[in-house]
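Worksheet: one structure, shown below.
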Amino acid sequence: MEIRPILSALMRSKVSMILIGLQVALTLAIVCNALFIIGQRLDLMKRPSGMNEADTFSISSIGFGQGFDVQSAISADLNLLRSLPGVAAATTTNAFPLSNSGWSSGLSLAPGQRTSTANTAFYFVDESGVSAYGAELVAGRDFKAEEIGFRTPNDEAMPRVAIMTRALAKQMFPDVADPVGQTFYFGGDDESEPATVIGIIDRLQAPWVSASMVENTLLLPSVLSGGSSSTYLVRAEPGRRDEVMKEVEDKLATANRSRILRGLRSTEERRSQVYAEDRAMTIILGSVIVALLGITALGIVGMASFWVAQRTRQIGTRRALGATRGDILRYFQTENFIITTVGLIAGGILAYAFSLWLMDRYQAPRLPWHYVPIGFVCLWALGQLAVLGPALRASRVPPAVATRSV
């Protein structure tokens, strides 16, 4: 098929061609960047926290009254929790992954170091902490009962032993094959005492899902007893979480009437809540993509249908001169392919420009190069499918139409 007659016909309908081309260009630019953002959000939401999310839950206790002793309450509560049927492990902690609230600190390799080697979140736990989180200890040992002590938020001295995640160990000691036994310092205090790494866990995320150091976590052997509140993390036996959650709430409420229980939530529920905005964004962007593709397809259908109606007699004349139905069908498909290709070239440039703007304005990652070629193929296919209906109608125009109204 000769391209020149098609180009000549397009030059007589410049406005329609430009509008469809612009529509295709904007669709490609927006869809590519929206899909990239959706992919990022989905990857974020799928990241494992390092916990046994299916079987764990948390509950907080807030005491009231002058006679409330938080240390005695914590000890009694832990003994009660660990004695309940269906409870695999329980600990008290200051925070946990997906909670969006916790403590953090800079770690150094030498006292007085002005720039931290790594930043990390840290969780205060007792000897059941690793088990309660459901974390995997891959090197070293767990805490011993004699290493656990009570502390308040105002205590400046930090524990002398710690368990850290594999990611944090790699950042702190990149050239050390076995980080167990290595020492580090909290902050940049010249007089701080060293802490020793006694164990490595495979993964346990920081409380803040958007933090750059989300994989850096430190477990410290302490029971936080400041004020009158405490938080417990409980891991139930597989399949018994909901049953155990109700039992824990009832037993804790009965055991001590001088407090309020609140925040009873499963870890899965916390995951759903903490990623609610990301999930909403993926739904919104997905709807935008579907709408844009639909509008673009409708625009192509409308343009092709209009051109078929305008050229009915011309089509009939071509049929009378020997053109087959296949010739007519290929004519309109080629015409659409040319318009779409011009729009896609402009859209590819626009897609990368939009990505650079997002990088500059919102520090977003660069759009990977393969998104645009994939977008080209998808929109070429969309254009061919959209024009197929009008093109088939055009191919069915009989040769006799050329002689009408003559």
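The values are calculated or read from the model by the stated rules, or taken from the named source; none is laboratory data. Values in this document were obtained by computation on a predicted structure and should not be read as measured data. Note that we place each Cβ from the backbone using ideal geometry, even for glycine, and neighbour counts take in every protein chain shown. Note: areas computed on protein heavy atoms with side chains; ligands, DNA, RNA excluded. Shrake-Rupley method; radii C 1.70, N 1.55, O 1.52, S 1.80 Å.
Things to note:
- Take the conditions (1) under 27 Å from Arg270 (Cα atoms); (2) outside any loop (DSSP other than H, G, I, E, B); (3) of a type in the set (Lys, Arg); Lys170 misses just one of them, which is (1).
- Which listed residue is part of a helix (DSSP H, G or I) and either closer than 21 Å to Ala400 by Cβ or among the aromatic types (Phe, Trp, Tyr) (or both), from Asp327, Asp360: Asp327
- Residue in segment 195-203 that is open to solvent by 20 Å² or more (accessible area, probe 1.4 Å), under 17 Å from Pro48 (Cβ atoms) and modelled with pLDDT of 95 or more present: yes
Condition check ((1) assigned to a strand (DSSP E or B); (2) within 19 Å of Ala195 (Cα to Cα)) across all residues:
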site	(1), (2)
Ala88	yes, no
Thr91	yes, no
Pro97	no, no
Asn100	no, no
Pro111	no, yes
Ser116	no, yes
Ala132	no, no
Ala135	no, no
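- Residue list for segment 268-299, restricted to those being among the hydrophobic types (A, V, I, L, M, F, W, C) and over 17 Å from Leu28 (Cβ atoms): Val274, Ala276, Ala280, Met281, Ile283, Ile284
- Conditions (1) open to solvent by less than 60 Å² (accessible area, probe 1.4 Å); (2) in contact (Cβ under 8 Å) with a residue 12 or more places away in the chain; (3) assigned to a loop (DSSP other than H, G, I, E, B); number of the one not met by Val176: (2)
- Only a single criterion out of (1) of a type outside the set (Ser, Thr, Tyr); (2) open to solvent by less than 70 Å² (accessible area, probe 1.4 Å); (3) part of a strand (DSSP E or B) is not satisfied by Asp278, namely (3).
- Test: residue in segment 382-390 that is assigned to a helix (DSSP H, G or I), in contact with a Cys (Cβ under 8 Å, 6 or more places away or on another chain) and not hydroxyl-bearing (Ser, Thr, Tyr): no
- Residue match in segment 219-233 (condition: over 23 Å from Glu147 (Cβ atoms), in a strand (DSSP E or B) and either out of contact with any Lys or Arg (no Cβ under 7 Å at 6 or more places or on another chain) or open to solvent by 20 Å² or more (accessible area, probe 1.4 Å) (or both)): yes
- The single condition among (1) open to solvent by 10 Å² or more (accessible area, probe 1.4 Å); (2) in a loop (DSSP other than H, G, I, E, B) that Met245 does not meet is (2).
- One residue from Gln310, Gln273, Gln333 being closer than 17 Å to Ile3 by Cα and either open to solvent by 40 Å² or more (accessible area, probe 1.4 Å) or under 19 Å from the mean Cα position of the chain (by Cα) (or both): Gln333
- If only residues of segment 20-71 that are surrounded by 18 or more Cβ atoms within 10 Å (Cβ to Cβ) and hydroxyl-bearing (Ser, Thr, Tyr) are counted, the one that is nearest to His370 (Cα to Cα) is Thr27.
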